[in-house]
1. Taking the Cβ of each residue in 181, 23, 81 as the centre, tally the other Cβ atoms inside 10 Å and list the residues starting with the fewest.
2. Sticking with the crude label model, points 7 Å out along Cα→Cβ, report the distance from residue 209 to residue 115 in nm, one decimal please.
3. Could you give the Stokes-Einstein D for the chain in µm² per second, using the C-alpha Kirkwood radius, 10 °C, 1.306 mPa s?
4. To make sure I understand, if each residue's beta carbon is the centre and we count other beta carbons within 10 Å, what order do 185, 157 fall in, fewest to most?
5. Roughly what would the spin-label model give for residue 17 and residue 102, points 7 Å off Cα along C-beta, in nm?
6. At a Förster distance of 30 Å, what's the computed FRET efficiency of residue 130 paired with residue 155, Cβ-Cβ distance as r, to 0.05?
7. Do any trypsin sites (Lys or Arg not before Pro) in segment 19-123 lie in a loop, going by DSSP, with at most 16 other beta-carbon atoms within 10 Å of their beta carbon, and if so which?
8. According to a simple spin-label model (label point 7 Å from Cα along Cα-to-Cβ), what is the distance in nm between residue 175 and residue 37?
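What follows is calculated from the coordinates using simple rules that are stated; it is not laboratory data. Predicted model only: the values in this text are computed from it and were never measured. Reconstructed Cβ throughout: ideal geometry from the backbone, glycine too, with neighbour counts over all protein chains shown.
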Amino acid sequence: MRDNGFKLILIRHGNTFNPGDRVVHIGKKTDLPLTQQGQEQALNLAKYFKAQHILPKLIYCGTLQRQSLTAEILAKYLGQVPIQANQLPLEEIDYGPWEGLTETEIKTKWPNEFEQWNHAAIWPTKIFQKSWDAHYQLLKCWIEKLIQCHQPKETVFAVSSNGIIRSCLALTHQLWPQIQVAQNFQQFKVKTGAFCELNITQYNIDINQWNVSP
């Protein structure tokens, strides 16, 4: 039995759009690199963690280059921390026909589905290309594996994207239904270059910090 949990720091990759670019929804199918600003955001995160003496035992990251490069910048600055890349649970959601569209365009064509997902966390089953249950089970199994691999008081990083990081809230069990009732899912959006800190035990997941920008 674990009396103390390990710390999981979920990190959203850096920016992928330059000033003046058309900002659109990007998911699993759009593999954009980090911009210069995005690389600076990753470096700022690394500097912050080093200054706070937060050094991970391991960095996990998804398959997309915006995720892997963020992880590489963190790992190098923090002293060549080992990376476990290509973590399928950390891939971004496949947004289907929303991919490549602006928020305004999505709201115009799918007003109800957009409202329900962004506020009440109701999965748009005929739009997103993988089921909610498939994402949830991948994340659940991944967390269970981390519990077996990491000791109490260890810290590990996981670099992913906003859609997946927000989906991790479902693993808290108590908070997720509250979000759906309050319809405040939008408030849990994670900015590029920001992080969330979770404490994980065999029996519980607690949120210590959410959407923190260095």
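1. The most exposed by this proxy come first: 181, 23, 81.
2. Those two pseudo-labels are separated by 3.6 nm.
3. 90
4. Fewest-to-most Cβ neighbours within 10 Å comes out as 185, 157.
5. Roughly 0.9 nm, to one decimal.
6. According to the calculation, E is roughly 0.50.
7. Listed in order of number, the matching sites are 22, 29, 57.
8. Here the answer is 2.7 nm between the modelled labels.
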